[in-house]
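Asks: What follows is a structure written as structure tokens; I'll ask about it next.
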Amino acid sequence: MNLGVELPGGLPYQPWLVPIVKERTANNAKDDPHVKCFPDNFLRAYGMPHLLKFVQTPSLSVVLNEWDAGYRQVFTDGRPLPQDPNPSLQGYSTAKWSGDTLVIDTIGVQDDTWIDWNGSVLTQAAKVREQMRRPDFGHLEVQVTVDDPKAYTKPWTVTIKERLIVDTELIDEICLENERSLRHMK
């Protein structure tokens, strides 16, 4: 997923981030954490070709990612977001239902978390809201709003449309298993 391409004029980067994204784009993202076999964060996972599986219980939703056997926890038990979360790749997420839409709020993402191939990032200042719904049986629509004043001059929103694949199993895709590409990217 190249989030910036979907917005007219691209993402509203803060001035400090513009040259970084230009450099990352120009050097074909050779320092991309995904290329170096690090797990993807939740936003980036939506745009990758790896399968995600959503598992729901009354108090917790878990998103399993076949890429490096990753996971994300989304608490649905009514708890508030913490005041000072421990920064992590997936951040800290809580959710509630609003009609047929699951509204997920996330904070506590670690700095310089890549969200696309251009090297656009989230920082610890980010607040992300996902509004997830199924418009019909075979599709999932996720409207994402990013409010990260450290990285962007204003909040921005994109809508991601996913195809649901039912009756399938995840297959672990472990990046470092027989990995031979990284040595060519230096």
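Asks: In straight Cα distance, which lysines are under 17 Å from K22, not counting same-chain residues fewer than 8 positions off?
Replies: K30
Asks: So what J values fall out for segment 74-80 if you push phi through Karplus, 6.51 cos²θ - 1.76 cosθ + 1.60 with θ = phi - 60°, rounded to Hz, Gly and Pro as x?
Replies: 10, 7, 10, 9, x, 5, x
Asks: Work out from phi, with θ = phi - 60° and the Karplus expression 6.51 cos²θ - 1.76 cosθ + 1.60, the ³J(HN,Hα) of each residue of segment 49-54, listed in order in whole Hz, and give x for Gly and Pro.
Replies: Whole-Hz 3J(HN,Hα) from phi for segment 49-54: x, 8, 6, 10, 10, 9.
Asks: Could you work out [θ]222 nm for the chain from helices alone, using -39500 (n - 2.57) per DSSP H run of at least four and dividing by all its residues? Round to the nearest 500 deg cm²/dmol.
Replies: -2000 deg cm²/dmol
Asks: If amide hydrogens are placed 1.01 Å from N in the peptide plane, which non-local residues have theirs closer than 5 Å to the one on Q110?
Replies: S88, L89, G91
Asks: Across segment 90-101, in residue order, what do the Karplus-derived ³J(HN,Hα) couplings come to in whole Hz, using 6.51 cos²θ - 1.76 cosθ + 1.60 with θ = phi - 60° and x for Gly and Pro?
Replies: With the stated coefficients, segment 90-101 comes to 8, x, 10, 10, 10, 8, 8, 8, 10, x, 9, 10 Hz.
Asks: How large a share of the accessible area of the chain, in percent, is made up of carbon and sulfur atoms when the probe is 1.4 Å and the other protein chains stay in place?
Replies: It is 53 percent, rounded to a whole number.
Asks: What's the ranking of 87-93, 65-71, 113-119 by average number of surrounding C-beta atoms within 10 Å, highest first?
Replies: With the highest mean Cβ count within 10 Å placed first, the list reads 113-119, 87-93, 65-71.
Asks: Straight-line reach from K96: which lysines have a Cα under 28 Å away, not including same-chain ones fewer than 8 places off?
Replies: Within the straight-line cut-off, K96 pairs with K53, K127, K150, K154, K161.
The values are calculated or read from the model by the stated rules, or taken from the named source; none is laboratory data. All values reported here derive from a predicted model rather than from experimental measurement. Glycine gets a Cβ as well: all are built from the backbone with ideal geometry, and neighbour counts include every protein chain shown. Only protein heavy atoms, including side chains, enter the accessible area calculation; ligands, DNA and RNA are left aside. Shrake-Rupley method; radii C 1.70, N 1.55, O 1.52, S 1.80 Å.
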